[in-house]
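Rule-based calculations on the coordinates, nothing more; no lab input. Predicted model, so just to flag it, every value in this text is computed and none were measured.
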Amino acid sequence: MGKIVNLSLKETIRNYLDFEKRNDNIKNFKEAVNYYQSIADRAFKSNQIIDIFSCCLNQTGLFEMKYITEKTGGLMVSTDSFSTQVFKETFKKLFETNDDGNLKMCFKGTCEILLTKPLKIKGALGHLVSLKKII
């Protein structure tokens, strides 16, 4: 389903050079991406946000999973080690609270922009996902 490498120890884990050279190490890539896209679609439809904390880009399949955080509005944190000061500070910052004891994070915010033809939105700053509304 979401595997990035087969169980045989004869195979090496894929890396970015394998994608450039189209080596056989990326044979699980499309199937894994499709699997994670289906998870992202299900999470998005049920108003869930998925955050991913990882300490290695190649070995955990973050490249295959990136659609999950993009689609659900989550975040992806990748670091060399969970014990680094930068990771610890980032993790703590995510769960800061305001004076009322509520998390400072925003969840499932919606911004609707209605345009008349021929105007179109071609981009934005920040993470956005289309609601696919047509009027």
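I need the phi-derived Karplus couplings for segment 13-28: 6.51 cos²θ - 1.76 cosθ + 1.60, θ = phi - 60°, integer Hz, Gly and Pro marked x.
The phi angles translate into 5, 6, 9, 4, 5, 5, 5, 5, 8, 6, 5, 5, 5, 9, 5, 8 Hz.
For the chain, set up a GNM with springs between Cα atoms under 10 Å and report which of Asn23, Asn102, Asn34 has the largest fluctuation.
Most flexible of the set in this elastic network: Asn102.
Based on the alpha-carbon gyration tensor of segment 51-108 and its eigenvalue square roots a ≥ b ≥ c, which shape applies: rounded if a/c is under 1.5, prolate if not and a/b is larger than b/c, or oblate?
It comes out oblate by the Cα gyration axes.
For the chain, with a Gaussian network of springs between Cα atoms less than 10 Å apart, report the residue from Arg22, Arg42, Arg14 with the top mean-square fluctuation.
The residue that fluctuates most here is Arg22.
Mind checking which of Lys21, Lys30, Lys122 has the largest fluctuation in a GNM of the chain, springs on alpha carbons under 10 Å?
Lys122
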